[in-house]
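The values are calculated or read from the model by the stated rules, or taken from the named source; none is laboratory data. Since we're looking at a predicted model, the values are computed, not measured. So basically every Cβ, Gly included, is an ideal-geometry build from the backbone, and we count neighbours across all protein chains shown. For the accessible areas, the whole protein counts, side chains as well, though only heavy atoms, and no ligand, DNA or RNA atoms are used. Shrake-Rupley method; radii C 1.70, N 1.55, O 1.52, S 1.80 Å.
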Amino acid sequence: MPGIYVAGVGCTRFGRLEAPLLALLAEAAQQALTDAGIEEPDLIVVGTMNPEEFTGDGTLAPLFASFLGRAHTPAFRVETGTSSGAAAFFAAASAIAGGFARTALVVAGEKMTGLATPRVAEILSRMIDPTERRYGATMPALAAIVTRAYARAHHLDPEDLALIPVKNHRNGARNPLAHFQAEITVEDVLGSRLIADPLRLYEVCPISDGAAATVLTAERRPVRVAGMGQGSDHVALRHRRSLTSFRATQEAARRAYAMAGLGPKAIQVAEVHDAFTPFELINMEDLGLAEAGKAVRALLNGETALEGRLPVNPSGGLKARGHPVGASGLAQIVEIVWQLRGQAGSRQVRESRVGLAQSIGGLSSVNWVTILARD
Amino acid sequence: MEEAPKTQEEAGTPAGSIPASRCACGTVTAPPAPHCPECGGPMAPDTLPAVGEILSYTILHSPPAGFAAPLPIALVELVGGVKFLCHGHAEQVGRYRIGRQVAIEAVDGIYYFSTMTLRERIALFWRRRGEAEEKVRSVLRSVFRRSRRP
């Protein structure tokens, strides 16, 4: 298979933003095209979850291509819920690997803060199995059920789990693009209100606006797409094999490692999907970065901190960088590129050659793992 | 889309059990479903004893429109491994534990779980013990009959 390289990256500030969705997408896209030194990509792939509901925009790919002044460039949109950004990256990389395009612009974003929180929650809850939704199950409710089962299985205290948002806010405080750039304490986490017992406000990602972009090329560049994989599972929680791990991540990781010809030991920096912060530990275990039940040790020992052996979520993660749902999967990849290139500023981890991004769609029904390497 | 179960009377399900579906591949689901979630095959109607245990639960403090807070929701596993979401009763929240035995009731197609009193748990224990004894006796009887065959 021909090589797939990341030629350029871009990302807007995340948070509650004034700019409309198309302008956010264009800002990220222009940055990535400039960074790549490529003016006319062969293909544009857009990743968003639900612009129809969030902003009233439809048929987004040609709409965006026209907005960018590229009305005649082939363009399409990819959607896999909250992992749409990673899915768009996969689609564009596949087109390059298959020889359908030499260069591709991938752009992903979401504009969510225009709607009231209950309305946003209702839109997000459509990723839940219809039967389970009849019980009033929301994303935080199902995540809380998973969190309680995981914490019980591995004897974790709320104080242990509170260290995850504390770490990720510490990283976010060093990221000028993050939605939250203030550090928090364990007391702040444990004192925040219960959303879905045992999950508290500071363990749940915010509602954000933002966009990210990458430019891919078949020509040799320093950062290479080493591996990609997708894994799927039942949407319904009741049909899942396990409540303390996500099969969709495990299978996505298996495929990505096989393509890369690498194992988890090769990973030096990772961005994982911490929309509900306890998931960071589950994700590390599903990715093979820690044994089942042992991820908490890496956290307690500081191994996953910026200065640690395996920094996890140096960007601040979805918790602190923010979670414009369609954008997040691609923003993770952008962060890994910056870390591998040594361009991550005050949150730069020690020199790394291999990094991984993991993105969750729905409550882990359509997940992606992407491995990048610097040659 | 899965068919919503009717009330137990409408579904013709005996008291103390809930309607379910069984596939030839061995998968059992509740609420009933026309197609197997594992293999896609057709499913036949079945019933399951309406007793299970709490696998995990949450008390939702920001429920969606149409639901009152606090909203207890549990993932319950019946004897035999069938799992489904259930609503709890807000006044029993203090008694929720992972692994706790609960009784299930279907009302208008929605499952509710109740923590069982000590008396109910003893009654269940005796019933199960009775079933177990009956099984042992029948096995012994068949062994005895086989041993007497020429």
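For region B:46-64, name all the residues that are aliphatic (A, V, I, L, M) and facing chain A (nearest Cβ under 7 Å).
B:LEU55, B:ILE59, B:LEU60, listed by residue number.
Looking at region A:31-38, is at least one residue buried (at least 21 other Cβ atoms within 10 Å of the Cβ), of a type in the set (Gly, Ala, Ser) and closer than 19 Å to A:ALA92 by Cβ?
Yes, there is a match, as at least one residue in region A:31-38 is buried (at least 21 other Cβ atoms within 10 Å of the Cβ), of a type in the set (Gly, Ala, Ser) and closer than 19 Å to A:ALA92 by Cβ.
Among the candidates B:PRO72, B:PRO37, B:PRO19, which residue alone is within 14 Å of another protein chain (Cβ to nearest Cβ) and assigned to a loop (DSSP other than H, G, I, E, B)?
Residue meeting the stated conditions: B:PRO37.
Being at pLDDT 95 or above, open to solvent by less than 10 Å² (accessible area, probe 1.4 Å) and over 11 Å from the mean Cα position of the chain (by Cα) is true for just one of A:VAL269, A:VAL354. Which residue is that? Before you say what the answer is, go through the steps one by one.
Numbers: A:VAL354 fails: open to solvent by less than 10 Å² (accessible area, probe 1.4 Å).
Sole residue among the options that is at pLDDT 95 or above, open to solvent by less than 10 Å² (accessible area, probe 1.4 Å) and over 11 Å from the mean Cα position of the chain (by Cα): A:VAL269.
Quick one: what pairs do we get from region A:220-238, first residue under 13 Å from A:MET127 (Cα atoms) and more than 10 Å from chain B (Cβ to nearest Cβ), second open to solvent by less than 50 Å² (accessible area, probe 1.4 Å) and at pLDDT below 95, C-beta under 6 Å, 6+ apart or different chains?
Matching pairs, first to second residue: none at all.
Name the single residue, out of those in region B:105-150 being modelled with pLDDT under 75 and not in a helix (DSSP H, G or I), that is farthest from B:HIS87 (Cα to Cα).
Taking the candidates together, the pick is B:PRO150.
State all residues of region A:141-169 that are touching a Gly at 6+ places or on another chain (Cβ under 8 Å) and in a helix (DSSP H, G or I); if no residue qualifies, say none.
Within region A:141-169, A:ALA153, A:ASN168, A:HIS169 qualify.
Considering (1) part of a loop (DSSP other than H, G, I, E, B); (2) touching a strand residue (DSSP E or B) at 6+ places or on another chain (Cβ under 6 Å); (3) within 17 Å of A:TYR150 (Cα to Cα), say which one A:THR304 fails and leave the rest.
(3)
Restricting the search to region B:45-68, which residues are more than 30 Å from A:VAL204 (Cα to Cα) and open to solvent by 50 Å² or more (accessible area, probe 1.4 Å)?
Matches in region B:45-68: B:PRO45, B:THR47, B:PRO49.
If you scan region A:175-203, which residues turn out to be buried (at least 22 other Cβ atoms within 10 Å of the Cβ), assigned to a strand (DSSP E or B) and among the aliphatic types (A, V, I, L, M)?
Correct list: A:ILE195, A:ALA196, A:LEU199.
Taking the residues in region A:83-134 that are of a type in the set (D, E, K, R) and more than 13 Å from chain B (Cβ to nearest Cβ) as candidates, determine which candidate is least open to solvent (accessible area, probe 1.4 Å).
Across region A:83-134, the extreme among qualifying residues is A:GLU110.
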